[in-house]
Amino acid sequence: MVIVRLAAVDDADAIGRIQVETWRASYTGLVPDEAIAAFDVASRQRLWREGLRRPPRPGSATFVVEDAGEVVGFASVGASRDEGAEQEGELYAIYLHPTRWGRGIGRALLQRAEESMRSSGFRSAILWVLEGNDRASRFYRAAGWQEDGSKVDEFQGATVTEVRYRKRL
């Protein structure tokens, strides 16, 4: 049974592990091997423990998805970080462990993230996808997100292009 719920501090270790394992599966070949190797489970877990201990900013939330009682993914949302777009929501992150891809679990997690942004008063939202992450791009397009821009950025020490998607909520 799949359950999507608000994340708690006790979920930090699972979130950090899932983020790194999914990051490696998704971005190998898209960023240099050194950047992949530098993405460390222990440091991600520490960051998530610290972050989940703090009260969330208004409109922000982190969710986990459980499958058969095991945390297998997470999503984090809040106000857009883009300059001048603070009235818009942003899907900061969504990661689902690769062993759960293609089962509809990610769709449930994305729907909950969208509901959260909508209930926080955001009428539209953005997200950023690393160029070349075709699986993620297909996932978002299937959920009604539309590509509407790009930028060059630094990501784990590598210069990358990120593609922006937008959706009316």
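The values are calculated or read from the model by the stated rules, or taken from the named source; none is laboratory data. Here the structure is a predicted model, which is why all the values come from computation and not from measurement. Note that each Cβ is placed from the backbone with ideal geometry, even for glycine, and that neighbours are counted across all protein chains shown. Note: accessible area is taken over every heavy atom of the protein model, side chains too, but ligands, DNA and RNA are not part of it. Shrake-Rupley method; radii C 1.70, N 1.55, O 1.52, S 1.80 Å.
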- For the chain, what is the per residue volume of the convex hull drawn over the alpha-carbon atoms, in cubic angstrom? 112
- Item | Largest-first ellipsoid semi-axes for segment 90-169, taking √(5λ) over the Cα gyration tensor eigenvalues, angstrom | 20, 17, 11
- Task: Run the dipole for segment 50-150 about the Cα centre, Lys and Arg Cβ at +1, Asp and Glu Cβ at -1, nothing else charged, and hand back the magnitude in debye, nearest 20.
- Result: 320
- Item | Net lengthening on full extension, MET1/ARG49 (0.36 nm per residue, minus Cα-Cα) | 14.7 nm
- Counting DSSP beta bridges with both partners in the chain, what percentage is antiparallel, nearest 5? 90
- Item | segment 73-169 - percent of accessible surface contributed by carbon and sulfur, probe 1.4 Å | 41
- Message: Give me, ordered by chain and number, the residues 5 or more places off GLU131 or on other chains with an amide H under 5 Å from its own placed amide H.
- Response: THR161, GLU162, VAL163
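Given all pairs of different Cα atoms, what value in angstroms does the Kirkwood hydrodynamic radius of segment 33-109 take?
For segment 33-109, inverting the mean 1/r across all distinct Cα pairs yields 14.4 Å.
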- Item | Whole-number D in µm²/s for segment 69-129 (Stokes-Einstein; Kirkwood sum over Cα pairs; 20 °C, 1.002 mPa s) | 175
- Extension gain ASP10-ALA38, at 0.36 nm per residue separation less the Cα-Cα distance, in nm? 7.6 nm
- Message: Accessible area per residue for segment 28-96 in Å², computed with a 1.4 Å probe and the full protein assembly in place, what is it?
- Response: 52
- Query: Extension gain GLU147-ARG166, at 0.36 nm per residue separation less the Cα-Cα distance, in nm?
  - Reply: 6.2 nm
- Would you work out what percent of the accessible area of segment 1-67, with all protein chains in place, is carbon or sulfur (probe 1.4 Å)? 53
